[in-house]
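Down below is the structure, laid out as structure tokens.
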Amino acid sequence: MNNILVTGGAGFIGSHVIRVLLKNNPGKRVINYDKLTYAGNLENLKDVQDNENYFFVKGDICDERNVFETLNKFDIDAIVHLAAESHVDRSIEDPLVFVKTNLIGTTNLLAQAKKHWDGDFNNKRFYHVSTDEVYGSLDLDDSLFSETTPYDPRSPYSASKAGSDHLVSSFYHTYGLPIVMSNCSNNYGPNQFPEKLIPLFINNIYNKKPLPVYGKGENVRDWLYVEDHALAISKILFEGQVGQTYNIGGHNEWSNIDLIKILCDKMDAYLGREIGESQNLITFVKDRAGHDLRYAIDASKIQTNLGWVPSLQFEEGIEKTIDWYMTNREWLENVTSGEYQSYYEKMYEKK
Ligand code: NAD
Ligand code: TYD
């Protein structure tokens with residue numbers, strides 16, 4: 001596999017995946033195919049934009065012709081599919097765009113890959129990146145999600161991702177397309193759009209703005225540092241078994257309120273404020289509709305079969321994350337002002 005197409009590479013996780021693939025595989029070409037929605041930001045890839053093995057194509061995964069031509073032009077033999085609408089709150093406001101990108105877009109990508117490879121699946125891979133939210137919601141005393149947990153998605157976002165997982169699986173069973181899949185827990189780290197909990201709250205704490213905690217803050221998430229997810233994706237791409245799904249998680253469960261208090265105190269320490277000061281910004285607001293109580297992943301399969309474990313402890317990960325957002329305030333300001341959307345125009349369409 002020498003020519004790797006990454007969809008959604010200008011987003012949060014995709015940009016880390018591109019960096020890992022380029023760094024660990026000199027000589028392989030990495031093509032970033034991204035529509036640049038509000039969540040896509042080429043600034044995330046500033047450090048690799050001049051790498052001779054990195055290419056950018058602006059395009060929608062729903063666009064049949066553009067996808068097919070790109071697969072042909074770069075002689076793509078591996079696809080790492082991350083492009084998606086990814087924010088639960090937005091899916092509650094506007095489910096249709098989630099169906100378009102996550103379901104129709106994924107199906108188009110599958111169909112174009114099948115057409116491009118034209119029955120020769122030797123050394124080809126279609127890797128679909130998904131979420132643990134497809135498994136639904138756990139009670140506090142339930143055991144963890146495993147690869148065999150029945151799907152039970154409950155938000156428009158998770159329903160659209162669950163549907164895309166089923167379509168990927170159907171292309172394996174029906175046509176023999178060489179797929180692999182992974183379902184990962186909540187990611188955090190550099191370059192995450194500040195609509196998601198951790199970057200939003202870092203930004204609000206810095207600006208002394210209220211921290212809107214949904215409901216009582218008792219919902220639990222299992223947090224994984226984004227670079228560890230990117231390393232897991234790279235491992236699964238090259239070493240994962242065709243037809244298999246791998247769960248990825250940090251064994252790192254936190255209730256929102258406990259995590260937010262840690263974030264507040266660590267930000268106070270970082271900014272030289274009195275410890276406890278930022279906790280005064282915590283504001284309990286109306287709960288999210290259909291708010292899943294708990295997600296938690298059993299990541300033993302990827303550990304046993306592929307030898308992957310997270311490299312970072314949570315405390316170190318959160319400190320690195322705070323440090324990144326605070327030393328990249330311009331990135332945060334560009335993203336919150338919308339300025340980043342002109343970054344593409346400022347750049348040339350690469351090669
Ligand atoms: P993101 O919202 O930060 O980035 C999504 C990227 O996809 C953006 O660059 C956007 O421009 C691009 N995109 C959106 N619609 C497109 C379309 N129609 N055509 C081409 N490109 C399009 O998302 P993320 O948080 O980086 O998530 C990436 C993937 O990982 C998603 O599939 C998501 O479901 C999955 N995932 C995310 C998490 C998480 O915690 N963020 C956890 C598990 C799985
Ligand atoms: P989020 O980052 O949106 O990820 P997901 O919903 O996919 O897990 O939210 C993480 C948790 O934080 C979730 O339980 C919802 C909660 N939350 C808040 O309490 N306030 C907020 O402003 C946001 C964005 C999320």
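Select, from Pro190, Pro194, the only residue that is surrounded by fewer than 21 Cβ atoms within 10 Å (Cβ to Cβ), within 15 Å of ligand 1 (Cβ to nearest atom), under 30 Å from Phe74 (Cβ atoms) and not β-branched (Val, Ile, Thr).
On the way: Pro194 fails: under 30 Å from Phe74 (Cβ atoms).
Going through Pro190, Pro194 in turn, the sole match is Pro190.
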With respect to Val180, determine if the residue is assigned to a strand (DSSP E or B) and among the β-branched types (Val, Ile, Thr). yes
Starting from region 325-351, take each residue that is at positive phi and list its partners that are crowded, with 16+ Cβ neighbours inside 10 Å and at pLDDT 80 or above, counting only C-beta distances under 7 angstrom and pairs at least six apart or across chains. Lys351/Phe55
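Restricting attention to helices (runs of 4 or more DSSP H) lying wholly within region 1-116, give those where 2 or more residues are under 28 Å from Ser185 (Cβ atoms), without any contact (Cβ under 8 Å) to a residue 12 or more places away in the chain and more than 8 Å from ligand 1 (Cβ to nearest atom).
Details: elements: 12-24, 64-73, 88-93, 95-98.
Those helices (runs of 4 or more DSSP H) do not exist here; none qualify.
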Collect the residues in region 168-223 that are within 22 Å of Asn280 (Cα to Cα), within 13 Å of ligand 2 (Cβ to nearest atom) and hydroxyl-bearing (Ser, Thr, Tyr), keeping them in residue-number order. Tyr214
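Please work out if Lys208 is surrounded by fewer than 21 Cβ atoms within 10 Å (Cβ to Cβ), modelled with pLDDT of 95 or more and within 16 Å of the chain's Cα centre (by Cα).
Working: surrounded by fewer than 21 Cβ atoms within 10 Å (Cβ to Cβ): yes; modelled with pLDDT of 95 or more: yes; within 16 Å of the chain's Cα centre (by Cα): no.
So Lys208 fails the test.
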Taking the criterion of being touching a Leu at 6+ places or on another chain (Cβ under 6 Å) and surrounded by fewer than 24 Cβ atoms within 10 Å (Cβ to Cβ), would at least one residue in region 143-151 satisfy it? no
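Which is at pLDDT 95 or above and away from ligand 1 (no atom under 16 Å from the Cβ), of Ile233, Ile297, Ile275, Ile248?
Details: Ile233 fails: away from ligand 1 (no atom under 16 Å from the Cβ); Ile297 fails: away from ligand 1 (no atom under 16 Å from the Cβ); Ile248 fails: away from ligand 1 (no atom under 16 Å from the Cβ).
Going through Ile233, Ile297, Ile275, Ile248 in turn, the sole match is Ile275.
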Of the residues that sit in region 157-177 and are in a helix (DSSP H, G or I) and among the hydrophobic types (A, V, I, L, M, F, W, C), which one is farthest from Phe121 (Cα to Cα)? Ala159
Breaking point among (1) within 26 Å of Arg154 (Cβ to Cβ); (2) surrounded by fewer than 22 Cβ atoms within 10 Å (Cβ to Cβ); (3) among the aliphatic types (A, V, I, L, M), for Met326: (1)
Please find, within region 130-168, the residue that is farthest from ligand 1 (Cβ to nearest atom) out of those that are β-branched (Val, Ile, Thr) and free of Cβ contacts under 8 Å to residues at least 24 places away in the same chain. Thr148
Kindly indicate which of Ile79, Ile92 is out of contact with any strand residue (DSSP E or B) (no Cβ under 8 Å at 6 or more places or on another chain), modelled with pLDDT of 95 or more and β-branched (Val, Ile, Thr). Ile92
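Can you find a residue that is within 22 Å of Glu133 (Cα to Cα) and not charged (D, E, K, R) anywhere in region 274-290?
Taking region 274-290 and keeping what is within 22 Å of Glu133 (Cα to Cα), we get 286-290.
Then drop every residue that is not not charged (D, E, K, R), which leaves 289-290.
Within region 274-290 (the criterion being within 22 Å of Glu133 (Cα to Cα) and not charged (D, E, K, R)), the answer is yes, since at least one residue qualifies.
State whether one or more residues within region 278-288 are at pLDDT 95 or above, touching a Ser or Thr at 6+ places or on another chain (Cβ under 9 Å) and within 16 Å of ligand 1 (Cβ to nearest atom). Break it down stepwise before answering.
Restricting attention to region 278-288, the residues satisfying the condition of being at pLDDT 95 or above are 278-288.
Cutting the leftovers down to touching a Ser or Thr at 6+ places or on another chain (Cβ under 9 Å) gives us 288.
Filter again for within 16 Å of ligand 1 (Cβ to nearest atom), leaving 288.
Yes, there is a match, as at least one residue in region 278-288 is at pLDDT 95 or above, touching a Ser or Thr at 6+ places or on another chain (Cβ under 9 Å) and within 16 Å of ligand 1 (Cβ to nearest atom).
For the structure I just gave you, tell me whether Asp268 is of a type in the set (D, E, K, R) and buried (at least 20 other Cβ atoms within 10 Å of the Cβ). Even if it seems obvious, please write down each step before you answer.
Working: of a type in the set (D, E, K, R): yes; buried (at least 20 other Cβ atoms within 10 Å of the Cβ): no.
For Asp268, the condition - of a type in the set (D, E, K, R) and buried (at least 20 other Cβ atoms within 10 Å of the Cβ) - is not met.
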Reported set for region 240-257 where residues are touching a residue at least 40 places away in the same chain (Cβ under 8 Å) and more than 20 Å from the chain's Cα centre (by Cα) is Gln241, Val242, Gly243, Ile257
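Within region 133-151, restricting attention to residues that are in contact with a helix residue (DSSP H, G or I) (Cβ under 8 Å, 6 or more places away or on another chain) and either in a loop (DSSP other than H, G, I, E, B) or hydrophobic (A, V, I, L, M, F, W, C) (or both), which residue is farthest from His291 (Cα to Cα)? First the steps, then the outcome.
Narrowing region 133-151 to residues in contact with a helix residue (DSSP H, G or I) (Cβ under 8 Å, 6 or more places away or on another chain): 133-134, 136, 145-147, 149-151.
The next check asks that each one be either in a loop (DSSP other than H, G, I, E, B) or hydrophobic (A, V, I, L, M, F, W, C) (or both); those that pass are 134, 136, 145-147, 149-151.
On the way: Val134: 14, Gly136: 10, Phe145: 17, Ser146: 21, Glu147: 22, Thr149: 20, Pro150: 19, Tyr151: 17 Å.
The selected residue is Glu147.
The values are calculated or read from the model by the stated rules, or taken from the named source; none is laboratory data. As the structure is a prediction and not an experimental result, all values here were calculated from the model. Cβ coordinates were reconstructed from backbone atoms using ideal geometry, including for glycine residues, and neighbour counts include every protein chain displayed.
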